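Structure first, commentary second.
What follows is calculated from the coordinates using simple rules that are stated; it is not laboratory data. All values derive from a computational prediction rather than experimental measurement. Methodologically, a virtual Cβ is constructed for each residue, glycine included, from the backbone with ideal geometry; neighbour enumeration extends over all protein chains shown.
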Amino acid sequence: MRRVAAREGTDVATAERHARVVLAVLAQAVGPDEFDDVISELPSDFAPLPARGPDIEVMPGETFWQRVAERAGIDADRARRATAAVLETLAERIAGGEVDDLVARLDVPLHEPLRRGNADSGGVARRMTFEAFVQRIAEREDVPAPHAVAHARAVVMTLREAVGDDEFFDVTVQLPDEYVSALAPARA
């Protein structure tokens, strides 16, 4: 990992997260049998890196957008726009390391808005009121604020399904209670 970190110009922990993401995407792309063949060729010190079992079951972007559309009562194109607006704004609001963790758990088509938001904030969580958060989403999506709230709720609920409760907790623990109560109501 030190060589990977040096090539990336980053620290070892970040390089390890990136390696995990690459291996998870590779596993999706080539299938389990071919992935096992590739992994068997790596030195034994790589053994802890490949995601196994549920860790490599990434919700496809199309499924993510479909669930957002169903929850928000909008069409697929609007669900894509809503998802991009919410993820970009969320990435501005949370710490850069947490954005990296979301990228590691989400399908590749969902990465770009997270990366944009993270770049816009410089990887530092931006403080913003819930109203400002909603306004940014509304402007990015070009919808009224009440629609932005409904769309954000649909995206956040789908995000919870996609990344699992542990990772979702890591995201929401960074948000004020007002965000969580409006966007991520407790599960029944």
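What does the net charge come to around ARG116 if you take all other residues with beta carbon closer than 11 Å to its beta carbon, with K and R at +1 and D and E at -1? Provide the component values of the computation, followed by the final result.
On the way: positive: ARG115, ARG140; negative: GLU88, GLU92, GLU112, ASP120.
In short, -2.
Not counting the cut sites, what is the longest span of the chain without GluC sites (Glu not before Pro) that DSSP labels loop and that have at most 15 other Cβ atoms within 10 Å?
58-188
So how tilted is helix 145-172 from the main axis of the chain? Cα-based, degrees 0 to 90, rounded to 10.
Once rounded, the angle reads 30 degrees.
Based on the Cα coordinates of the chain, what is the per residue volume of their convex hull in Å³? If you can, show how the numbers build up before the last one.
On the way: hull volume 23.2 nm³, N = 188.
Output value, Cα hull per residue: 123 Å³.
Identify the trypsin sites (Lys or Arg not before Pro) of segment 72-132 meeting these criteria: DSSP loop state and at most 10 other C-beta atoms within 10 Å of the C-beta.
Details: sites: ARG78, ARG80, ARG81, ARG93, ARG105, ARG115, ARG116, ARG126, ARG127; in loops: ARG126, ARG127.
Sites meeting the loop and neighbour criteria: ARG127.
Would you calculate, for the chain, the mean residue ellipticity at 222 nm contributed by helices, counting each DSSP H stretch of 4 or more residues as -39,500 (n - 2.57) and dividing by all residues, to the nearest 500?
Helix contribution divided over all residues of the chain: -22500 deg cm²/dmol.
Roughly what angle does helix 130-141 make with the longest principal axis of the chain, taking Cα atoms, 0 to 90 degrees, to the nearest 10?
Roughly 80 degrees, rounded to the nearest 10.
Which angle from 0 to 90°, rounded to the nearest 10, does the C-alpha axis of helix 61-72 make with the longest principal axis of the chain?
With rounding to tens, the tilt is 20 degrees.
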